[in-house]
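Everything on this sheet refers to the single structure shown next.
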Amino acid sequence: MASGLMPGSMVRAEAPGSPTKMELVFVVLRSRGPAWDDSKPLEGQADWPAHAAFMDALFDQRFAALVGPLEGTRDALLVIRASSASEIVERLASDPWTTNGLLVTKQISPWQLRLGSLEA
């Protein structure tokens with residue numbers, strides 16, 4: 001156990017040729033931005049294919065562990081593995097839905113995962 005976090009709260013990240021680092025788990029709340037068109041479904045928003053490909057890549061890279069809209073709200077919840085909140089801000093800045101104003105990040109919080117695990 002490190003820094004008072006329970007097992008599963010920290011994830012060991014090892015990229016080939018790079019030093020091992022510990023990554024924290026964060027919960028990120030994103031909300032519909034000013035460019036969101038309420039008359040269209042999620043998949044009908046501008047740049048949907050580019051946003052979907054971006055999010056798929058974050059998942060494939062094991063940066064995003066769980067992602068999806070919160071039903072009945074204008075928000076989406078992301079469970080992210082990262083070394084810091086600033087890394088999350090930097091990575092999400094290149095999301096097409098960030099750059100075109102469809103999504104804005106409302107909150108980034110470290111998460112102390114108490115039960116379960118994000119390990120594959």
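Data for the structure
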read-out: Of all residues in the stretch 66-107 being part of a helix (DSSP H, G or I) and among the β-branched types (Val, Ile, Thr), the one that is farthest from LEU118 (Cα to Cα); value: THR99
read-out: Unique match (being farther than 15 Å from SER117 by Cα, crowded, with 17+ Cβ neighbours inside 10 Å, among the aromatic types (Phe, Trp, Tyr) and modelled with pLDDT of 95 or more) among PHE59, PHE63, PHE26, PHE54; value: PHE54
read-out: Considering residues of the stretch 81-117 that are within 19 Å of ASP37 (Cα to Cα) and among the hydrophobic types (A, V, I, L, M, F, W, C) only, the residue surrounded by the fewest Cβ atoms within 10 Å (Cβ to Cβ); value: VAL104
read-out: Among residues of the stretch 73-102, those that are touching a His at 6+ places or on another chain (Cβ under 8 Å) and aliphatic (A, V, I, L, M), counted; value: 1
read-out: All positions within the stretch 68-120 that are in contact with a Gly (Cβ under 7 Å, 6 or more places away or on another chain), farther than 18 Å from ALA57 by Cα and at pLDDT 95 or above; value: GLY101, LEU102, VAL104
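The values are calculated or read from the model by the stated rules, or taken from the named source; none is laboratory data. Values in this document were obtained by computation on a predicted structure and should not be read as measured data. All Cβ positions, glycine included, derive from the backbone under ideal geometry; neighbour counts span all protein chains shown.
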